[in-house]
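Down below is the structure, laid out as structure tokens.
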Amino acid sequence: AQSVTQLDSHVSVSEGTPVLLRCNYSSSYSPSLFWYVQHPNKGLQLLLKYTSAATLVKGINGFEAEFKKSETSFHLTKPSAHMSDAAEYFCVVTLPNTGFQKLVFGTGTRLLVSP
Amino acid sequence: EAGVAQSPRYKIIEKRQSVAFWCNPISGHATLYWYQQILGQGPKLLIQFQNNGVVDDSQLPKDRFSAERLKGVDSTLKIQPAKLEDSAVYLCASSLGRQDRVAWEQYFGPGTRLTVT
């Protein structure tokens, strides 16, 4: 079965320092993977997606993620954190044969950014 | 363009009562989804509509949950009777619904936070 594991429930960084949010996936096929962000009391927003093209994917707000098949990982990074990055981040995988329409979410990582 | 609208934003009910949530998707989006997000967990798909037909309701607790999408636009999700474990945020999302990769992205509403006491 397809699933994702987010290795940290909380990550704390200082403003201006790098961000690393870790995600490992399990899939019996070549997956499509995504990162979504959820700010308090707001809807989920797509940050970036991997769909078997370039393994290094750039998203919005300076975030990027690298698909590493050998490590079954899809970690999210950002060179320099901003206060506005504080939110919940979800790693997501799609199920096969669903036209990318059925999403399976990880449990989320809460990013805390201190001044 | 207007996003996915949901109401109410918050609801508090007692167990065994009934509750209904409303969702208005982005105009022109054929596919509509309802998710349940329990505190500390990622969203879980409850039901997926393509126009006004159900595509997937395998994780919908059908003994107490029901959903409809009349005329293929707005949708309502109902819980009757509610249990304590139904306390969660209920998210609605929509997508264009075509099978090509360009059209798959799901756009989420702000959610309805339900507390069952």
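Numbers for the structure displayed
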{"read-out": "Residue within region B:64-74 that is farther than 22 Å from B:ALA5 by Cβ, free of Cβ contacts under 8 Å to residues at least 60 places away in the same chain and out of contact with any strand residue (DSSP E or B) (no Cβ under 8 Å at 6 or more places or on another chain) present", "value": "no"}
{"read-out": "Residue that is nearest to the other protein chains (Cβ to nearest Cβ) [pool: residues in region B:78-94 that are of a type outside the set (A, V, I, L, M) and buried (at least 20 other Cβ atoms within 10 Å of the Cβ)]", "value": "B:CYS92"}
{"read-out": "Flag if A:LEU76 is modelled with pLDDT under 95 and crowded, with 19+ Cβ neighbours inside 10 Å", "value": "no"}
{"read-out": "Members of region B:51-77 that are open to solvent by 60 Å² or more (accessible area, probe 1.4 Å), at pLDDT below 90 and either at positive phi or within 14 Å of another protein chain (Cβ to nearest Cβ) (or both)", "value": "B:ASN51, B:VAL55, B:LYS71"}
{"read-out": "Output for region A:85-105, where each listed residue is modelled with pLDDT of 95 or more and outside any strand (DSSP E or B)", "value": "A:ASP85, A:ALA86"}
{"read-out": "Residue match in region A:81-89 (condition: away from chain B (no Cβ under 14 Å), closer than 25 Å to B:ARG113 by Cα and not polar (S, T, N, Q))", "value": "yes"}
{"read-out": "Boolean, A:VAL37 is surrounded by 12 or more Cβ atoms within 10 Å (Cβ to Cβ), touching a Gly at 6+ places or on another chain (Cβ under 6 Å) and within 14 Å of another protein chain (Cβ to nearest Cβ)", "value": "no"}
{"read-out": "Subset of region B:2-49 that is open to solvent by 70 Å² or more (accessible area, probe 1.4 Å) and more than 14 Å from chain A (Cβ to nearest Cβ) - its residue that is farthest from A:ASN41 (Cα to Cα)", "value": "B:ARG16"}
{"read-out": "Given (1) more than 14 Å from the chain's Cα centre (by Cα); (2) more than 9 Å from chain A (Cβ to nearest Cβ), index of the condition B:GLY97 fails", "value": "(2)"}
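The values are calculated or read from the model by the stated rules, or taken from the named source; none is laboratory data. Keep in mind it's a predicted model, so treat the numbers as computed, not measured. Using ideal geometry, Cβ is built from the backbone for each residue, glycine included, and neighbour counts are taken over all protein chains shown. SASA here: full protein model, heavy atoms, side chains in, ligands and nucleic acids out. Shrake-Rupley method; radii C 1.70, N 1.55, O 1.52, S 1.80 Å.
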